[in-house]
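**Q** Quick one: the structure is below, and I'll ask about it shortly.
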Amino acid sequence: MEESPSVKSKDLNVAEEFEKSGMKRMANFVVIGHVDHGKSTLMGRLLFDLNVIDQRSIDKLRKEAETIGKSSFALAWVMDQTSEERNRGVTVDIATNHFETEKTRFTILDAPGHKDFIPNMIAGASQADFAVLVIDASINSFESGLRGQTKEHALLVRSLGVQRLIVAVNKMDTISWSQSRFEEISQAMSTFLTTANFSSKGITFVPCAGLTGENVVRKVQTSDASWYTGPSLIEALDASEPGKRHIEKPLRLTISDVFKGGVIAPISISGRIEAGSVQVGDAILAMPANETATVKMIEVENKPVDWAIAGQIPTLHLTDIDPIHLRSGDIVCTPKDPVKLINTFTCKILAFEHVLPSSVDVFRGRLHTEGKISALLARLDKATGEIVKKKPRVVKPGEVSRVTVVLEKELPLEVGTRVVLREGGNTVAAGLLEG
Amino acid sequence: MRLERSTIDKHGSGSAILIPEEPEDMWHAYNLIQPHDHLRARAMRNVKKESSTGTVTSKPIKLDLTISVISTDFDIGSGQLHVAGRVAVENEHVKLGSHHTLDLELNRRFTLIKGVDSKGGIWDSVALEMLREACETERKAELWAVVMGEGTANICIITEHQTIVRQRVEVAVPRKRRGGIDGHDKGMEKFFSTTLSTLLRHMENAKSTQQDTEKTTPLLLASPGFVAQAFQSYIKAEATRTMNKTLLALVPTILVAHSSTHHVHALKEVLSSPAIMSKLSDTKFARETALMDKLTTLIRQDDGRAWYGPREVERAVDKGAVGRGGGVLLLSNALFRAQDVGERKRWVKLVDKVRDVEGGEVRVLSSLHESGKRLEGLGNVAAILTFPIEDLDEEDEEVVNHAASGEEMVI
């Protein structure tokens, strides 16, 4: 006997509904950069000046921060909420927040800058349409960042498919809005970013000061900065074109978090919809567990809705599934067109470091698994993709090659997926799955 | 392992009577026993008897059996070794040629005879070296390690020759969300308590098989970020709260280290870090890890001073490049477990040539260690040369990677 579905579907044509709704455009952006360059503070400031966070909460945070002698961290604590993050003064995990301007609804993904938490940063970057790269303008900070995560993060977001980049040159107040320093940094970064395959059209440089809030939402007032006539950070964000949405394709959602949403929602997931749409009452399939569930409720930006489409980061409240079948990194898809599980694939990689056949960590969004490069198949020409040398012994940084990767267990991966390969805390290569 | 008596002659045939004393000895036995060797051990066998009235009764009896080995099966988790073969010496209960599987057990002697079957191997230099290593009596280094991240922990035991993942602990820890901080902290608390109780259970289990129960094995905690430190403080707090004796003894032995991920292969960075190195200085693991690091650095330089892959290495040895003054030949012991005797002979020949003729150094890495697994990725054999040779890989179009896929995977 078939059970009657516990949740009734409205059977909406989501694509049409979306057209009709005349919804503001949506964009998700990831905030990246070296540790301590002020990513979280800048975002805290942005939210505060846009009145997403009220004065009372900020005062409360400021008081708490002062009690442990870190008053400058108050704004960052808007994003950094766990006790660990606050005690240590670094972001550990992605923080998500929302705000809107007249034209666009934005979702902030505030990434950790510390080297150890690059897995979390990759998870954030894989959900983003574009990126904000925060750079500390003060002497030495910029230089040490460029050797460190400024470089690695920029390379990573590029290889994860992000093409548009806003470079926020932060902490301008500490160098009294020096124009020459701003230009020096812009120059150095432009050179680096173009070699990393960013087109110069896609890059905007914005000087700002997260702690004081100059040129973030309101324009800079000091006379030191009279030389600057360009956009403020929020204007630059607004000028960004969000990426294409694949609404018509079958549903693909990468789970970034599994949690207990409350008494009425015992099991909830959240994550970005990469393609397709989902509506209340839909049956979904969680891979690799291969278990179905029913969508009971959908929330977008903490408000209940009837449907969600590609590009959004909804929270889905589910029924008819055991929580053990859901893990962050899993893929939710439609049972009609499921993702296949594979454990061996070939991919085209761009090497950041020397690549040898060895064990690597394979990243795809939240997914993070052990695997190994079992064979180097060929070195390819960077421009044409033609085979230059078969079976190279070692792949050098900057070279493009085709390799075989064997995973420890079967995972839902599709052709065209972007993966990142890391070894021993360093990003070795970024790749595009070929089959 | 204790060697009770050996009668190995200079041609490499003869027998060795061995008593395995600790779980790791099973691993040595697994590496020593080859197909076509003869193995004698105590066995239980159901023997059918027909009485005068024609009824058949089956009764298990204990007897010593000698079998000619066909295959071996080693269960890494439980450390059990099963050796299948055909009976080679007939007795009153068992006919010649009937099948039997011997289960080797701790503290139960067995006799290994090589060189009796022309198809089989002999006590070659590699086998003798393995035997010597297995019977080393000095106290062996041992270490518990927990490689962890938020929500995932791999509990492993590192011994002289093995890294065994005892258990993987996974607890769903909710991520931080607006207004949902409690979930994260509670989740971490639950994760720590699960990990600790699992770890203690495994430690208890391990102790029960040891003679020396007073000894506390040191514990290594490694993680990216701050999870390992947090877990250390959790253990300390638990120890003082519960006044648990084992736990209190454990606290001072804890080492905390940094690793880049929660995966087991991150152990290689932990064990090659200077702080840990100095504490473990002379373990086989640490030495091998350092060697593998040196090898990969040289391969990266791509100046022809290090090569990997069976053919390339053989060619390098032929050219006399793996000799006195820095030449090192690295092999995985998986090569010597080859079912094909010819294959084994090929590698033994190479080892003998490098060690005895060329004067180079030979290292046989355990395939159960991280270093051995790294070598497995490179085709199980690699060499550091004394002088650079270019283009050893020319005219080498077919794939020579059977070893990597044919060998059983651990974990």
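The values are calculated or read from the model by the stated rules, or taken from the named source; none is laboratory data. This one's a predicted model, so the numbers in the text were calculated from it and none came from an experiment. Glycine also receives a Cβ, built like all others from the backbone with ideal geometry; neighbour counts cover every protein chain displayed.
**Q** Anything in segment B:21-33 that is in contact with a Lys or Arg (Cβ under 8 Å, 6 or more places away or on another chain) and modelled with pLDDT of 85 or more? List them, or say none. Give the steps one after another, and end with the answer.
**A** Residues of segment B:21-33 in contact with a Lys or Arg (Cβ under 8 Å, 6 or more places away or on another chain): B:21, B:24, B:30-31.
Hits for segment B:21-33 are B:30, B:31.
**Q** While we're looking at this one, here's another question. Could you identify the single residue in A:387, A:349, A:373 that is buried (at least 18 other Cβ atoms within 10 Å of the Cβ) and more than 22 Å from residue B:372 (Cβ to Cβ)? Give the steps one after another, and end with the answer.
**A** Details: A:387 fails: buried (at least 18 other Cβ atoms within 10 Å of the Cβ); A:373 fails: more than 22 Å from residue B:372 (Cβ to Cβ).
Answer to the selection: A:349.
**Q** Please verify whether segment A:285-294 includes one or more residues that are within 13 Å of another protein chain (Cβ to nearest Cβ), at pLDDT 90 or above and at negative phi.
**A** No: zero hits.
**Q** Just for strands (runs of 3 or more DSSP E) wholly inside segment A:319-369: which have at least 3 residues that are closer than 20 Å to residue A:155 by Cα? Lay out the reasoning, then the answer.
**A** Details: elements: A:331-333, A:341-351, A:359-364.
The qualifying strands (runs of 3 or more DSSP E) are A:341-351, A:359-364.
**Q** Among the residues of segment A:42-57, write down those that are surrounded by fewer than 18 Cβ atoms within 10 Å (Cβ to Cβ) and part of a helix (DSSP H, G or I). Write out each step before concluding.
**A** Taking segment A:42-57 and keeping what is surrounded by fewer than 18 Cβ atoms within 10 Å (Cβ to Cβ), we get A:49-52, A:54-57.
Passing the criteria: A:49, A:55, A:56, A:57.
**Q** Quick check on segment B:114-124. Is at least one of its residues surrounded by 12 or more Cβ atoms within 10 Å (Cβ to Cβ) and either hydroxyl-bearing (Ser, Thr, Tyr) or more than 23 Å from residue B:335 (Cα to Cα) (or both)? Steps first, answer last, please.
**A** Step one: of segment B:114-124, the residues surrounded by 12 or more Cβ atoms within 10 Å (Cβ to Cβ) are B:114-117, B:120-124.
Those still in the list that are either hydroxyl-bearing (Ser, Thr, Tyr) or more than 23 Å from residue B:335 (Cα to Cα) (or both) too: none.
Scanning segment B:114-124 turns up no residue that is surrounded by 12 or more Cβ atoms within 10 Å (Cβ to Cβ) and either hydroxyl-bearing (Ser, Thr, Tyr) or more than 23 Å from residue B:335 (Cα to Cα) (or both).
**Q** Please work out which one of (1) surrounded by fewer than 23 Cβ atoms within 10 Å (Cβ to Cβ); (2) within 12 Å of another protein chain (Cβ to nearest Cβ); (3) β-branched (Val, Ile, Thr) is the condition residue A:104 fails and give its number.
**A** Among (1) surrounded by fewer than 23 Cβ atoms within 10 Å (Cβ to Cβ); (2) within 12 Å of another protein chain (Cβ to nearest Cβ); (3) β-branched (Val, Ile, Thr), residue A:104 violates only (2).
A quick yes/no check of all residues on (1) surrounded by 22 or more Cβ atoms within 10 Å (Cβ to Cβ); (2) without any contact (Cβ under 8 Å) to a residue 12 or more places away in the chain; (3) farther than 30 Å from residue A:215 by Cβ:
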| position | (1), (2), (3) |
| --- | --- |
| A:236 | no, no, no |
| A:262 | no, yes, yes |
| A:303 | no, yes, yes |
| A:311 | yes, no, no |
| A:316 | yes, no, yes |
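**Q** If you don't mind, there's one more thing I want to ask. Output the number of the condition that residue A:31 fails; it satisfies all remaining conditions of (1) buried (at least 19 other Cβ atoms within 10 Å of the Cβ); (2) within 26 Å of the chain's Cα centre (by Cα); (3) assigned to a helix (DSSP H, G or I).
**A** So the condition that residue A:31 fails would be (3).
**Q** For segment B:43-124, which strands (runs of 3 or more DSSP E) that fit wholly inside it have 2 or more residues that are among the hydroxyl-bearing types (Ser, Thr, Tyr)?
**A** Values: elements: B:56-75, B:80-87, B:99-104, B:110-114.
Filter on segment B:43-124 gives B:56-75.
**Q** Among the residues of segment A:98-132, what is the count of those that are in contact with a strand residue (DSSP E or B) (Cβ under 8 Å, 6 or more places away or on another chain) and farther than 21 Å from residue A:425 by Cβ? Break it down stepwise before answering.
**A** Residues of segment A:98-132 in contact with a strand residue (DSSP E or B) (Cβ under 8 Å, 6 or more places away or on another chain): A:98-100, A:103-111, A:113, A:116, A:118-119, A:121-132.
Checking the rest, the ones that are also farther than 21 Å from residue A:425 by Cβ come to A:98-100, A:103-110, A:127-132.
Summing the residues that are in contact with a strand residue (DSSP E or B) (Cβ under 8 Å, 6 or more places away or on another chain) and farther than 21 Å from residue A:425 by Cβ in segment A:98-132 gives 17.
**Q** Turning to a different aspect of this structure: Which of the numbered conditions does residue A:167 fail, given that it passes all the others? Conditions: (1) more than 20 Å from the chain's Cα centre (by Cα); (2) buried (at least 22 other Cβ atoms within 10 Å of the Cβ).
**A** Going through the list (1) more than 20 Å from the chain's Cα centre (by Cα); (2) buried (at least 22 other Cβ atoms within 10 Å of the Cβ), residue A:167 breaks only (1).
**Q** Under the condition of being assigned to a loop (DSSP other than H, G, I, E, B) and more than 10 Å from every other protein chain (Cβ to nearest Cβ), which residue from segment A:376-396 is nearest to residue A:151 (Cα to Cα)?
**A** Taking segment A:376-396 as the starting set, the residues that turn out to be assigned to a loop (DSSP other than H, G, I, E, B) are A:381-386, A:391-394, A:396.
From the residues that got through so far, the ones that are more than 10 Å from every other protein chain (Cβ to nearest Cβ) too are A:381-386.
On the way: A:381: 24, A:382: 21, A:383: 23, A:384: 26, A:385: 25, A:386: 28 Å.
The extreme case among them is A:382.
**Q** Same structure again: Confirm whether residue B:220 is among the aliphatic types (A, V, I, L, M), within 23 Å of residue B:23 (Cα to Cα) and outside any helix (DSSP H, G or I). Break it down into steps so the answer makes sense when it comes.
**A** Working: among the aliphatic types (A, V, I, L, M): yes; within 23 Å of residue B:23 (Cα to Cα): yes; outside any helix (DSSP H, G or I): yes.
Here the answer is yes, as residue B:220 does meet what is asked.
**Q** Scan segment A:80-98 and tell me whether some residue there is in contact (Cβ under 8 Å) with a residue 24 or more places away in the chain, surrounded by fewer than 18 Cβ atoms within 10 Å (Cβ to Cβ) and charged (D, E, K, R).
**A** There is no residue in segment A:80-98 that is in contact (Cβ under 8 Å) with a residue 24 or more places away in the chain, surrounded by fewer than 18 Cβ atoms within 10 Å (Cβ to Cβ) and charged (D, E, K, R).
**Q** Further, regarding this structure: Could you grab the pairs with beta carbons closer than 7 Å, sequence gap of 6+ or different chains, first residue in segment B:82-108 and touching a residue at least 12 places away in the same chain (Cβ under 8 Å), second one among the acidic types (Asp, Glu)?
**A** That search, which allows pairs on different chains as well, returns B:82/B:73; B:82/B:103; B:106/B:21; B:107/B:21.
**Q** Go through (1) surrounded by 19 or more Cβ atoms within 10 Å (Cβ to Cβ); (2) within 11 Å of another protein chain (Cβ to nearest Cβ) and name the single condition residue A:425 misses.
**A** Of (1) surrounded by 19 or more Cβ atoms within 10 Å (Cβ to Cβ); (2) within 11 Å of another protein chain (Cβ to nearest Cβ), only one is false for residue A:425: (1).
**Q** Oh, and also: Go through A:255, A:273 for me and flag whichever is outside any loop (DSSP other than H, G, I, E, B), within 14 Å of another protein chain (Cβ to nearest Cβ), within 16 Å of residue A:287 (Cβ to Cβ) and of a type in the set (Val, Ile, Thr).
**A** Numbers: A:273 fails: within 14 Å of another protein chain (Cβ to nearest Cβ).
Exactly one residue qualifies, and that residue is A:255.
**Q** Within segment A:8-58, track down each residue that is of a type in the set (Gly, Ala, Ser), modelled with pLDDT of 85 or more and on the phi > 0 side of the Ramachandran plot. Don't jump to the end; show me each part of the working.
**A** Looking only at segment A:8-58, we keep the residues that are of a type in the set (Gly, Ala, Ser), and these are A:9, A:15, A:21-22, A:27, A:33, A:38, A:40, A:44, A:57.
Subset that is modelled with pLDDT of 85 or more: A:27, A:33, A:38, A:40, A:44, A:57.
Correct list: A:33, A:38.
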